[in-house]
Amino acid sequence: MKSSWFASVLLILLVGCVSIKPLNVTRDNSTVTGDTLHITSHPSRVAQYKIPATNYLFKATLDIKKHHLTGLLVIKRMDTIAPPPAPPQAGRGEHSPLAFPSGGNSGCFGTYRIVFMNEIGMTFFDLELKADSLKVVSCFESLNKKALMNIFKTDFTILNWSCAVENKREYRQAETNRLVVKGDAGKYKTWQTYSPSGDTLYATTAKSNLADPVIITFAQYKDGFPVKITIENPFIGMKLVMRKLVQ
């Protein structure tokens, strides 16, 4: 009984050590006046992952402990995307947000079908993801674990979040001078790392609890879209690498 209790406590402590905060960041006071954060100097168009209007097809590899899977991953939007908000009006004190359209949590997430299969059509997992739920349509038995599905929900929710984060605070990263934005995306605490000018998204880290920290990095931009996306969950040692295929 004692050893079981000790193992549980040790597990909690180890999980708590997984931080999503980028290293060596300090508050960027140049954009702060009193308690108000003004994001006015950064472009409204940001090179980043954009939520799919219909579907995206990726070449993907998934590593979880002893499992190594390769194949094709499809992210398909199942509902209709709402039209974008009207552009800000000059002279009325309006400005564009740093990355995504604002509007609170309402309408920030749609319904997605996420399917990972090998080249001959064998399905590793088929998931239906909504803002408040994840349904397992089908899945390899070895992958169909509640804890892993909860992590997948965090991963793909953050990847496809379509609204600006709330409660923004801006920071700068030492040495690189990259812009780092801290905020809330629904129940998730997030950190977004941009180029120094704020026009390219390099990484998003997030978590809602001790067990689901996620690190998403974006690289090899082409025509404003990252060709390579890497999703990592340091707690379970999971790594999903996706390379967008031409459609």
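The values are calculated or read from the model by the stated rules, or taken from the named source; none is laboratory data. Since we're looking at a predicted model, the values are computed, not measured. Glycine gets a Cβ as well: all are built from the backbone with ideal geometry, and neighbour counts include every protein chain shown. Areas reflect the complete protein model, heavy atoms only, side chains present, ligands, DNA and RNA absent. Shrake-Rupley method; radii C 1.70, N 1.55, O 1.52, S 1.80 Å.
Summary table below
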{"item": "Difference of contour (0.36 nm per residue) and Cα-Cα distance, Met149 to Thr54", "result": "31.9 nm"}
{"item": "Nearest-10 value in Å² for the accessible area of Leu129, using the 1.4 Å probe", "result": "0"}
{"item": "Heavy-atom SASA rank of Met149, Met117, Met78 (probe 1.4 Å, accessible area, largest first)", "result": "Met78, Met117, Met149"}
{"item": "Cleavage-rule hits (GluC sites (Glu not before Pro)) in the range 161-244: DSSP loop, at most 10 neighbouring Cβ within 10 angstrom", "result": "Glu175"}
{"item": "Over 32 Å (Cα to Cα) - which of Lys66/Lys168; Lys145/Lys168; Lys65/Lys168; Lys65/Lys135; Lys65/Lys228 fall in this group", "result": "Lys66/Lys168; Lys145/Lys168; Lys65/Lys168"}
{"item": "Rounded to the nearest 10 Å², the accessible area of Arg169 at probe 1.4 Å", "result": "80"}
{"item": "Rounded accessible area of Ile120 (nearest 10 Å², 1.4 Å probe)", "result": "150"}
{"item": "Cα→Cβ-extended label distance, 7 Å offset, between Leu72 and Asn167, nm", "result": "4.2"}
{"item": "Accessible-area order (highest first, 1.4 angstrom probe) of the listed residues Asp79, Asp132, Asp126", "result": "Asp132, Asp79, Asp126"}
{"item": "Potential lengthening between Lys222 and Ser197 on full extension [0.36 nm per residue; Cα-Cα distance subtracted]", "result": "7.2 nm"}
